[in-house]
Amino acid sequence: MKRFRLFLIFLLWIYLFTVGLADAVVKISTVTKRTISLEVRDSTLGEIINQFYDKYRIEIKGLEDREHEKITFPYTVDTPEDLLKSLLRYIGVKNYAFEFTDATLKRLVVVPEATNDVSSSSPASKGSGQENEFVSVAQVQSIIEASQAESAGLQKDDIILEYDGVPITSAQQLVSEVEKKAQISQIEMVIVRQKITTSLILNGGFIGVRIVTKNIPRAEFNAFQ
């Protein structure tokens, strides 16, 4: 009798374990020729990250400390980029950047939130006189809808430090560099968001940002380098 009870308990445990596995779902599927869906039910962010890589070869970096979080999230959109943007909004991520190769999304980098004011703690800003010096930079004022900038995740107030290896110090200089290199298939652009430096891979030519020239303290600029 005791063995029979143990056997029943064992069967119940297997059943509950199997049901638990059946309830956990991560599925990316094509709904129509122009729409795709992501169905997540009681699954971890790590499993979702693996699914994006298996399906589209898209790497997702910056969420390593959250990979064990479980979520439920059904969504249908037009592109993998839109799917990722919706997922990031759902989990509360605001700062991120996309990297493209030949117009194909290859990498998503989640940029950490700034936790302190690096310009005020930088050794260069204390006693060096640099707090009274300023340098000019190109800063994003707005993003043009449906542009390359929107797809790449550029945001208002991003500072553009470099374009194809050329340091950018003004809005006009960025416009000039973009025009000169419009025929290049891939461009690396370095931006700063909340004092965090990130590199993006874009197509040459029209970016899709409205920019202005802004003066910032040299000590703050040096902290980006």
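The values are calculated or read from the model by the stated rules, or taken from the named source; none is laboratory data. For clarity, every value in this text was computed on a predicted model and none was experimentally measured. With ideal geometry, Cβ positions are generated from the backbone for all residues, glycine too; neighbour counts draw on all protein chains shown.
Restricting attention to segment 45-64 and to residues that are assigned to a strand (DSSP E or B) and surrounded by fewer than 20 Cβ atoms within 10 Å (Cβ to Cβ), the residue that is modelled with the lowest pLDDT turns out to be LYS61. Total residues in segment 31-54 satisfying the condition of being touching a residue at least 12 places away in the same chain (Cβ under 8 Å), out of contact with any helix residue (DSSP H, G or I) (no Cβ under 8 Å at 6 or more places or on another chain) and within 16 Å of LEU105 (Cβ to Cβ): the figure is 2.
Of the residues making up segment 96-117, those that are assigned to a loop (DSSP other than H, G, I, E, B) and either assigned by TED's automatic domain parsing to the domain that holds ILE187 or at pLDDT below 75 (or both) number 8.
For segment 206-221, does any single residue satisfy the condition of being exposed (fewer than 13 other Cβ atoms within 10 Å of the Cβ) and hydrophobic (A, V, I, L, M, F, W, C)? Looking for residues that are exposed (fewer than 13 other Cβ atoms within 10 Å of the Cβ) and hydrophobic (A, V, I, L, M, F, W, C), one finds at least one in segment 206-221, hence yes.
Of all residues in segment 76-94, those satisfying the criterion of being part of a loop (DSSP other than H, G, I, E, B) and either modelled with pLDDT of 85 or more or in contact with a strand residue (DSSP E or B) (Cβ under 8 Å, 6 or more places away or on another chain) (or both) are ASP78, THR79, ILE91, GLY92, VAL93. When the test is whether a residue is at pLDDT 55 or above and exposed (fewer than 13 other Cβ atoms within 10 Å of the Cβ), PHE17 does not pass it. Which one is surrounded by the most Cβ atoms within 10 Å (Cβ to Cβ) among residues in segment 189-205 that are in contact (Cβ under 8 Å) with a residue 40 or more places away in the chain and closer than 13 Å to ASN95 by Cα? Across segment 189-205, the extreme among qualifying residues is ILE191.
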